[in-house]
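Read through the structure below, which is laid out as structure tokens, and then see the notes.
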Amino acid sequence: MRYLPFTTLIQGFIIFAFMQFSLSICWADDNCTEGIAELVSIQGAAQFLRDGKTTWNRAHMGEIFCPGDRLRVHENARAAVVLNNDTILRINQKSTISFGKDKGEQFFLLNLLEGMLHIFSHRPRALQVNTPYVNGAVEGTEFLVQAGPDSSSITVFEGLVTATNEQGRLELSSGQAAIAKSKTAPQYMTVVKPRDAVQWTLYYPAILSAPAQVEKGEMEKLLLEASMSLNLGQVTEAQGYISRVLQNDPKNSDGLSLQAIIAVVNNNKEQALELASQAMQSAPRSVAAGLALSYAQQAHFDIEGALATLVKTAEFNPGNGEVKARFSEMLLSVGQSAEALSTAQEAVTLDPASGRAQTVLGFALLTRIEIEQAEQAFMQAISLDPVFPLARLGLGLALIRSGKLAVGRAEIEIAAALDPGKSLIRSYLGKAYFDEKRDAQSKRQYDIAKQLDPSDPTPWFYDAIRKQTINRPVEALHDLRKSIELNDNRAVYRSRLLLDSDLAARSTSQASIYSDLGFQHRALVKDLNR
């Protein structure tokens, strides 16, 4: 056996050690040691660039960013980032931002270099956003910033933003917008429906799945393109694909079903029910038509009708996990928690990769006060479908139930940012703020929830409790009566049993409010009639 000379071994060891040391330095340089933001949701491709580096890297869920880092979201993609001060950023496709942090505690600087950014921030004076033509100083709000090649704009949904540049400044409040171009002061601009600008942030339930190993024709390809566009919130693109299908085949069930889902999410309830019914007539055994019709019926608070639709769809498609998950979801809405749990478990078995199945399983476990198992199901759902808002809502409720109020509230904030048009999520977020004794933020979310869905009793009930707490019993009584009037309007996860329980709570609250108003006899009658 031949041995290498001792000096050669030493030289080799030194070279190896140097290489390891160099790699460790490179690794350390490529990682963020003072993180100020985390990537909590990503669809499609995104890249990040470390401060002082020249190489862009693929961004993944859980990526941590430091001051000076850049994040670039590619075409056909969108992302969500949470800053350390709980500000949530929704970043649209073809957008680039850079992170910065001021010396002040919990105050952040952001640069939107191009694209579109939806911002949800509940902390006053927590953020400033700079664009090429206008900057926005935030006073705790929800707003949209757009940076194009020739102009930048700010649209405020709730709260206050100061729009400034070297030429001037404007104060913007809820419902107002401003635009600025090169070397011109910001100017007010009229926006008829401000929230139309954030259609890309909304969540559209998936009802179509690509058949495995099957040659697809032109119409099938267009429908899948439409479904994928909706998954990214790209409604205009999706409608273009659907129109091409329906021009060729006006009774195409899948095309009509997708149109129905768009109508549901945009609160066009009558149109949604009409389209979904047409889809079901065209293809009575269709999974997409059955799911779409169930959503349309739920939007009309016809829970029994939605259940009947799903029973039929499940009979025709017994091996479909998404149908089982949706059926379990609706069983929860009528208080059948035991059956909902077994159906959710079956859905998970049929489709382990379904985020909805894991989410419904989490809610079913939550109704049984199995908090730890529910948290695990919700976290699994988030890993499978990072943009599913109900998974974040469920995790937030589970964390709050286990005594982690701040952490749970932060998860519900993410849920609201992932689907800002969902009334139910806004109601629960308002309740979380109320529990934290933050009245202004609580009121704001209840008001938004009432606007988004006037038929939902939940925000009226919670707002009545809030108003009673701050000694406004007359207004509290009005809101409480309104919630009782709407009591039969049920949303998913607000079951018949929960609403019956709520009705008892309303009776107790009403008695308390009458007592506050000085009507002790009326209060006693209400209390005895519970």
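The values are calculated or read from the model by the stated rules, or taken from the named source; none is laboratory data. In this text, all values refer to a predicted model and were calculated from it rather than measured experimentally. A quick note on method: Cβ atoms are made from the backbone with ideal geometry, for glycine too, and the neighbour counts reach across all protein chains shown. Only protein heavy atoms, including side chains, enter the accessible area calculation; ligands, DNA and RNA are left aside. Shrake-Rupley method; radii C 1.70, N 1.55, O 1.52, S 1.80 Å.
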**Complete:** Matching residues in segment 171-180 (over 20 Å from GLN441 (Cβ atoms) and surrounded by fewer than 18 Cβ atoms within 10 Å (Cβ to Cβ)) number 1
**Message:** Among the residues of segment 316-331, are any more than 22 Å from the chain's Cα centre (by Cα), over 17 Å from SER294 (Cα atoms) and part of a helix (DSSP H, G or I)?
**Reply:** no
**Request:** Scan segment 383-391 and give yes if some residue there is in a helix (DSSP H, G or I), in contact with a helix residue (DSSP H, G or I) (Cβ under 7 Å, 6 or more places away or on another chain), in contact (Cβ under 8 Å) with a residue 60 or more places away in the chain and more than 22 Å from GLY44 (Cα to Cα), otherwise no.
**Result:** no
**Item:** Selection status of GLN278, open to solvent by 10 Å² or more (accessible area, probe 1.4 Å) and modelled with pLDDT of 95 or more
**Value:** yes
**Request:** Determine which member of the set ALA491, ALA504 is in contact with a Lys or Arg (Cβ under 7 Å, 6 or more places away or on another chain), at pLDDT below 85 and over 18 Å from PHE434 (Cβ atoms).
**Result:** ALA504
**Message:** Against the condition open to solvent by 40 Å² or more (accessible area, probe 1.4 Å) and at pLDDT 95 or above, how does GLN47 come out, does it pass?
**Reply:** yes
**Request:** Could you please let me know if GLY115 is small (Gly, Ala, Ser), touching a strand residue (DSSP E or B) at 6+ places or on another chain (Cβ under 8 Å), under 22 Å from GLY233 (Cα atoms) and not in a loop (DSSP other than H, G, I, E, B)?
**Result:** yes
**Message:** Looking only at segment 281-292, filter to residues that are in a helix (DSSP H, G or I) and farther than 25 Å from LEU452 by Cβ; which one of those is most open to solvent (accessible area, probe 1.4 Å)?
**Reply:** GLN281
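Conditions (1) among the basic types (Lys, Arg); (2) open to solvent by less than 40 Å² (accessible area, probe 1.4 Å), marked per residue:
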{"position": "SER294", "(1), (2)": "no, yes"}
{"position": "ILE303", "(1), (2)": "no, yes"}
{"position": "THR309", "(1), (2)": "no, yes"}
{"position": "THR313", "(1), (2)": "no, yes"}
{"position": "LYS324", "(1), (2)": "yes, yes"}
{"position": "SER333", "(1), (2)": "no, yes"}
{"position": "GLN336", "(1), (2)": "no, no"}
**Message:** Against the condition open to solvent by 20 Å² or more (accessible area, probe 1.4 Å), in a helix (DSSP H, G or I) and more than 21 Å from ARG78 (Cβ to Cβ), how does GLU270 come out, does it pass?
**Reply:** yes
**Prompt:** If we keep just the residues of segment 229-248 that are touching a helix residue (DSSP H, G or I) at 6+ places or on another chain (Cβ under 7 Å) and outside any helix (DSSP H, G or I), which is nearest to ASP419 (Cα to Cα)?
**Reply:** GLY233
**Request:** Take GLN380 and decide whether it is crowded, with 18+ Cβ neighbours inside 10 Å and polar (S, T, N, Q).
**Result:** yes
**Message:** For segment 432-487, give me every one of the helices (runs of 4 or more DSSP H) that falls completely inside it and has 3 or more residues that are open to solvent by 60 Å² or more (accessible area, probe 1.4 Å), of a type outside the set (Val, Ile, Thr) and over 20 Å from GLN298 (Cβ atoms).
**Reply:** 439-452, 473-485
**Asked** Out of all the residues in segment 159-168, is one or more open to solvent by less than 10 Å² (accessible area, probe 1.4 Å) and either among the charged types (D, E, K, R) or over 26 Å from ASN85 (Cα atoms) (or both)?
**Response** no
